[in-house]
Amino acid sequence: MTPVLAGRGLIKHYGGVHALNGVDIGIEAGEVIAVIGPSGSGKTSLLHVLSGILRPDGGDVFLDGRSVGTLSESARSELRRTAFGFVFQSGMLVAELTAEENAALPLLLAGMPRQQAVANARDWLHKLGLDGLATRRPGEMSGGQAQRVAIARALAHRPRVIFADEPTGALDTRTGQDMMSALLASAQESGAAVVVVTHDAAIAARAKRRVELSDGRIFQEVYA
Amino acid sequence: MSVFRIALAVLRNDSRSRISTALVTVGVALGVSLVLWLASAPHALQERADRTAWRDGDNSVSQTDNRAQVVMATNVDQFDGKLIHRYDITRAHVGGFVSLPPGIREFPEPGQVLLSPALAALVKATPPEKLGDRFPGQLVDEIGPQALEYPDELVAIIGHDVGTVDGWALTGLGGKVGYAADNADMLYLLTRIGMVVLIVPCLVLVASAARLTATRRERRLAALRLAGATPTQVIAMAAIETVVGAVLGSVIAVLAAEPLSHLTAQIPWGGGTWQPGDFTSGPLFTAFIAVLAPVLVVGAAVLGLRRVVDKPLSTAAAQTRRKISPARLLGLVLAGAVFLLGTTVATNQIGGRDRFTVVLVGLGAVGLALVLAGPVVTALVGRYFVARWRKPSTLLAGRRLLGDPVASFRAAAGVVVAVFAGSLALTMLPGIEDQVRPFSGPWKDSAIVADSVGKNTDVIGQLRARLAEHKLDAEVVPLVSGYLRSTSDKYGPSYQAVIASCKDAAKVLSGLSASDCVDGPAVYLPLGYQSSMHDLEFAKGNRSPNSDVPAPKRLPEGIPLRPIAGDAQIMVIDPAVFPDLAAQPTGAATTTTPSNRDAVYTAVVRLLPDVPVADNLRDSSHSATLMDDLRRATAIGLGLMALLSGASAAVAAAGSVIDRRRTFGALIAAGTPVRVLARALRREVVLPVLVATLGACLAGMVVGLGLLDVTHSISGRGEALLNFWILAPAAAGFVVALAAAAACGPVLRTFSAKDYSYE
């Protein structure tokens, strides 16, 4: 089966530090992968390179077999906006926007009319159990609620792959598990693959495949 | 590690804190420099007044008084648009003592002349018949700078024989303290207005600079607070971080004050520049301002930490929505009331120069009230765009304006105050121009008129001979100056009148044409005056002191009163009406052409050195100088404001971007185009400016009208002349805001998608 997203021989250096040292990885449609490893092992760098935030110093990333590394900055930006979704630690929502506006933002950026985008965002908030919170701002929600809004935002435009960078890092264990359940369920419904970078073994255990990094290389891959 | 060391470590290791400190330094240095400079204006005016105190006639006595040391006639000439202060002087008694002021080393005896260096150079470079002959005698010395108002002032002191000068007897020239009068009140008021309106953008710049790293600092201090630091330790840390920049700025301003005073001394006012050292403030005042500025800045920084001290948890975790109270608008009402009270006090002339205090406080209060009301307007603008957005950039900007109007308005605050000051200036300038414009005198611009020749005799014949000698094509019109009034109404007005041939007078009098003249005795009156003129008598007028005024003479019966078609300001009496008076002219009006004007002027003042000469060009030159001064002062003030407000808007806009670095990083990571974010940021800055500047423009216009009323009370005239140019500051403010908003772009481009994970 052809992976929807693949990294081949990925190398990334920061000065003399080898963050990624020849990583090969493939992610299939709808697959859930957890990237784990100690601090400094290259987890976040791998996420950045795979999602097109960073250009690799060596190797290349392919989306549906097309090279991402050769794309311009604006083309990679468009790719992130349309084909990928992101869930960050603490949500990283726009503080001034309401929950529904945050969730609708990718759709609006894609040119969808206001009413349609907001209606779509409301649907996702409903699916994620956030009815009644549509007009609240991030500062008026709990951490778990804000992360659910972030999931709605990540899924609203129906991306191919969702990248989650320590999505439960700022949540307690139970809320983290709930949030992860919501993410996985929503991703499954939309058919999106999920790449989760995490320190939390319990969260990683929810993935079908765990990729453990060490010193910028894949140390081991474990299938659930 | 002590609190002090932690604060210093932050400054050493955090480049953004260092940038913030540098900007605080710049803001405080600018603010303190401006205050020291503008506050030194009264000292500068007093220095000028002291240097010219020897010319004041405030110690005049009767010529027969034993205390009289000199007799001095004061006149103002003009040459090539420049005013020349001329003093014809003589000892009051032969061989009598005369006290001299600093800058005048010796008293000019008959046949001797003292000239200022600039006038001496001008005389040297000009043909004598055009200028030098006005100051007959040997140049024995130059007048020193201590006796000159400004370095390039044109001054002549001409010595005469005892008893030949028709002027004021004075008890001496030295040992006098000057009174800063004339247009000094205007400069005093302008500098105070400048201080009030310029200090606000300085404060905004300092506040913007201090806020540049505010979010990060608040989080850092909240974390320290959560880690066990006491409120005092947190406050001390914030104070130390701020005090470094504030003290540095203050020290720079104090050190720069002296060199800057030389620079500001080059700004002309009242016809010339200033002596180095005029613009200096006393050491006590300088020390007071130098200490006050850092105290205020640190105080503001500490006050801004209330949230960190009281609720460290909420600060460390996230931001809460800041609500804005419409009660802020009450500030405008209160400030308006104070300003209104101030204008009432100032226009009623209560309390000398102190009468301006309340109006200046009101002016400052209006500026501050605008800044206070700005966030309310910002929130309203935000609400409008949130309700009507179509594009994400408009949504982002609208939500930001509504969500944190105080922070959003910060970038606009300086611009709003600048627009307020700009529209205030444009409201006032035409009115002030009207105030300083000379009344168009009764004489034609081409005429040079000595309507009272003083003690000089046979002036007409001598003047004609002198003009002929120099082959000057000019006519001399003999005249007798005086007043016409009605004998039946002893409380009725007197009208200025001259006895002169109508056809001759038409050559020198404005508004009178030769076609108005008829043969035979007649009195020529401006249109509309005939009905009120009954039982007329003519009284000779004489401006010279110590002269006897002869008794009035009744107008003979049957003399026709003829209307003048033009707008003449003087009534003309044909010599045939009073042949005996006409036989002894008391004045002489001389016609000139542009090519012979200076030479004719020179001939007149050579013959009549101690009498006042009417000259429209001199008067218009004086008012043009005043207007140039005002325009220059306004341009400098508005230029500084535009610079300061633009800088503070750019710093505030950049600060607001830096504050949200992680959010923007996340948005960029999620594929949001930087151009969309840049557009949203530009709208954030520009939209509130667009609305607030229109309000500020209106406020500036209203306050300008009030201040015009105050200046009206100083000069006695000046009407408000409003036009569409009044909107120019709002347009300029919008452009400045747009330029400042452009600062967001480069800052935004320094962010990368990775920035969401930093901090």
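The values are calculated or read from the model by the stated rules, or taken from the named source; none is laboratory data. The structure presented is a predicted model; accordingly, all values stated were derived computationally and were not measured. Glycine also receives a Cβ, built like all others from the backbone with ideal geometry; neighbour counts cover every protein chain displayed. Note: areas computed on protein heavy atoms with side chains; ligands, DNA, RNA excluded. Shrake-Rupley method; radii C 1.70, N 1.55, O 1.52, S 1.80 Å.
Some points to look at:
- Restricting the range B:387-419 to residues that are over 29 Å from B:Gly637 (Cβ atoms) and among the charged types (D, E, K, R), the residue that is farthest from the other protein chains (Cβ to nearest Cβ): B:Arg388
- Near pairs, Cβ below 7 angstrom, 6+ apart or cross-chain, from the range A:212-224 (of a type in the set (Asp, Glu)) to any residue that is buried (at least 18 other Cβ atoms within 10 Å of the Cβ) and not in a strand (DSSP E or B): A:Glu212/A:Gly37; A:Asp215/A:Ser41
- Members of the range A:166-224 that are of a type outside the set (Ser, Thr, Tyr), assigned to a helix (DSSP H, G or I) and open to solvent by less than 50 Å² (accessible area, probe 1.4 Å): A:Gly176, A:Gln177, A:Met179, A:Met180, A:Ala182, A:Leu183, A:Leu184, A:Ala187, A:Ala202, A:Ile203, A:Ala204
- Residues of the range B:317-344 that are over 21 Å from the mean Cα position of the chain (by Cα), at pLDDT 80 or above and of a type in the set (A, V, I, L, M, F, W, C): B:Ala327, B:Leu329, B:Leu330, B:Leu332, B:Val333, B:Leu334, B:Ala335, B:Ala337, B:Val338, B:Leu340, B:Leu341.
- Test: residue in the range A:151-165 that is surrounded by fewer than 22 Cβ atoms within 10 Å (Cβ to Cβ), facing chain B (nearest Cβ under 8 Å), of a type outside the set (Ser, Thr, Tyr) and part of a loop (DSSP other than H, G, I, E, B): no
- Any pair with Cβ under 7 angstrom, 6 or more apart, that starts in the range B:597-614 at a residue that is of a type in the set (Lys, Arg) and ends at one that is part of a loop (DSSP other than H, G, I, E, B): B:Arg606/B:Pro136
- Residue in the range B:691-698 that is open to solvent by 20 Å² or more (accessible area, probe 1.4 Å), closer than 30 Å to A:Asn102 by Cβ and out of contact with any Pro (no Cβ under 8 Å at 6 or more places or on another chain) present: yes
- Only one of the listed residues (B:Val32, B:Val61, B:Val71) is over 29 Å from B:Asp598 (Cα atoms) and surrounded by 23 or more Cβ atoms within 10 Å (Cβ to Cβ). That residue is B:Val32.
- All positions within the range B:367-413 that are open to solvent by 10 Å² or more (accessible area, probe 1.4 Å) and either farther than 16 Å from B:Ile324 by Cα or acidic (Asp, Glu) (or both): B:Leu368, B:Phe385, B:Val386, B:Ala387, B:Arg388, B:Arg390, B:Lys391, B:Pro392, B:Thr394, B:Leu396, B:Asp404
- Residue in the range B:515-531 that is open to solvent by less than 50 Å² (accessible area, probe 1.4 Å), in a helix (DSSP H, G or I) and not basic (Lys, Arg) present: yes
- Pick from the range A:11-41, criterion within 14 Å of chain B (Cβ to nearest Cβ) and assigned to a loop (DSSP other than H, G, I, E, B), ranking: most open to solvent (accessible area, probe 1.4 Å): A:Ser39
- Single unsatisfied condition, A:Asp57 versus (1) of a type in the set (D, E, K, R); (2) over 30 Å from B:Arg675 (Cβ atoms); (3) open to solvent by 20 Å² or more (accessible area, probe 1.4 Å): (2)
- Qualifying residue in the range B:657-665 (condition: more than 10 Å from chain A (Cβ to nearest Cβ), touching a residue at least 12 places away in the same chain (Cβ under 8 Å) and in contact with a Leu (Cβ under 8 Å, 6 or more places away or on another chain)): yes
- Some residue of the range B:669-681 being away from chain A (no Cβ under 14 Å) and either under 30 Å from A:Arg76 (Cβ atoms) or among the basic types (Lys, Arg) (or both): no
- Only listed residue being in contact with a Leu (Cβ under 6 Å, 6 or more places away or on another chain) and modelled with pLDDT of 75 or more, chosen from B:Val476, B:Val417: B:Val476
- Residue that is surrounded by the fewest Cβ atoms within 10 Å (Cβ to Cβ), among those in the range A:69-89 that are assigned to a loop (DSSP other than H, G, I, E, B) and within 13 Å of another protein chain (Cβ to nearest Cβ): A:Ser72
- Residues (β-branched (Val, Ile, Thr) and touching a residue at least 40 places away in the same chain (Cβ under 8 Å)) located in the range B:240-258: B:Ile240, B:Thr242, B:Val243, B:Val244, B:Val247, B:Ile252, B:Val254
- Which numbered condition B:Gly304 misses (of (1) under 30 Å from B:Ala223 (Cα atoms); (2) modelled with pLDDT of 80 or more): (2)
- Within the range A:42-62, the residues that satisfy the criterion of being more than 8 Å from chain B (Cβ to nearest Cβ) and within 15 Å of the chain's Cα centre (by Cα) are A:Lys43, A:Ser45, A:Leu46, A:Leu47, A:Val49, A:Leu50, A:Gly52.
- Comparison of B:Ala652, B:Ala633, B:Ala583 shows that the only residue that is within 24 Å of the chain's Cα centre (by Cα), open to solvent by 10 Å² or more (accessible area, probe 1.4 Å) and not hydroxyl-bearing (Ser, Thr, Tyr) is B:Ala633.
Results for (1) surrounded by fewer than 23 Cβ atoms within 10 Å (Cβ to Cβ); (2) closer than 27 Å to B:Ser656 by Cβ; (3) more than 11 Å from every other protein chain (Cβ to nearest Cβ), shown as yes or no for each residue.
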| residue | (1), (2), (3) |
| --- | --- |
| A:Ala104 | no, yes, no |
| A:Pro113 | yes, no, no |
| A:Gly129 | yes, no, yes |
| A:Gly132 | yes, no, yes |
| A:Arg148 | no, no, yes |
